[in-house]
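Below: the structure, in structure tokens.
The values are calculated or read from the model by the stated rules, or taken from the named source; none is laboratory data. This structure is a prediction, so every number in the text was calculated from the model and none was measured. Cβ: placed from backbone, ideal geometry, glycine included. Neighbour counts: every protein chain shown.
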């Protein structure tokens, strides 16, 4: 009986460990899907999808008058076993080269702050998911929060 109880506890602990590692491997899962923000003349859309266990790809579009224009390609990928980077390739900027921002702050699956002090603007990109269907992205400088630009998005619910 003790062997069965020990085996049951061991399996339970192994199951908890797997769940914890899944959370750690997939901290960006809540980003997955389509997000939109209505502007004065256009809608800005951001889309995220999982590439594999550790990488996510995204894209930012401007949608106006039924046409969409790709603005930016995004990727979140591991740098090593303990951190990630957010890589952005903005159309028509940085001589066509991607810019990487290192994950500096991470609170569960609801706040991610990426930084690159060597970039002109932004130097800091934060993704805050305060609720299931809301995303707040803040672009700013490390030393001057008065320059922050805040973008509030809503999740586009997929219909079956």
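Yes/no matrix, rows are residues, columns are (1) in contact with a helix residue (DSSP H, G or I) (Cβ under 9 Å, 6 or more places away or on another chain); (2) modelled with pLDDT under 50; (3) at positive phi:
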position	(1), (2), (3)
6	no, yes, no
11	no, yes, no
14	no, yes, no
36	no, no, no
41	no, no, no
50	yes, no, no
54	yes, no, no
67	no, no, no
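Residue 89 passes every criterion in (1) modelled with pLDDT of 95 or more; (2) under 17 Å from residue 138 (Cβ atoms); (3) touching a helix residue (DSSP H, G or I) at 6+ places or on another chain (Cβ under 8 Å) apart from (2). Looking across the stretch 95-106, the residues that are exposed (fewer than 14 other Cβ atoms within 10 Å of the Cβ) and touching a strand residue (DSSP E or B) at 6+ places or on another chain (Cβ under 6 Å) come down to 98, 105. Listed by first and then second residue, the pairs linking a residue in the stretch 132-160 that is more than 13 Å from residue 37 (Cβ to Cβ) to a residue that is in a helix (DSSP H, G or I), with Cβ atoms under 8 Å apart and 6 or more places separating them unless they lie on different chains, are 132/30; 140/147; 141/147.
The residues of the stretch 110-122 that are closer than 16 Å to residue 28 by Cβ and at pLDDT 95 or above, listed by number, are 111, 112, 113, 114. Counted as qualifying within the stretch 46-122 are the strands (runs of 3 or more DSSP E) with 3 or more residues that are closer than 27 Å to residue 157 by Cα, namely 56-64, 67-78, 84-90, 111-115.
Residue by residue, here is whether (1) modelled with pLDDT of 95 or more; (2) closer than 22 Å to residue 29 by Cβ; (3) out of contact with any helix residue (DSSP H, G or I) (no Cβ under 7 Å at 6 or more places or on another chain); (4) surrounded by 13 or more Cβ atoms within 10 Å (Cβ to Cβ) holds:
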| residue | (1), (2), (3), (4) |
| --- | --- |
| 70 | yes, no, yes, no |
| 108 | no, yes, yes, no |
| 124 | yes, no, yes, yes |
| 128 | yes, yes, yes, yes |
| 135 | yes, yes, yes, yes |
| 150 | yes, no, yes, no |
| 154 | yes, yes, yes, yes |
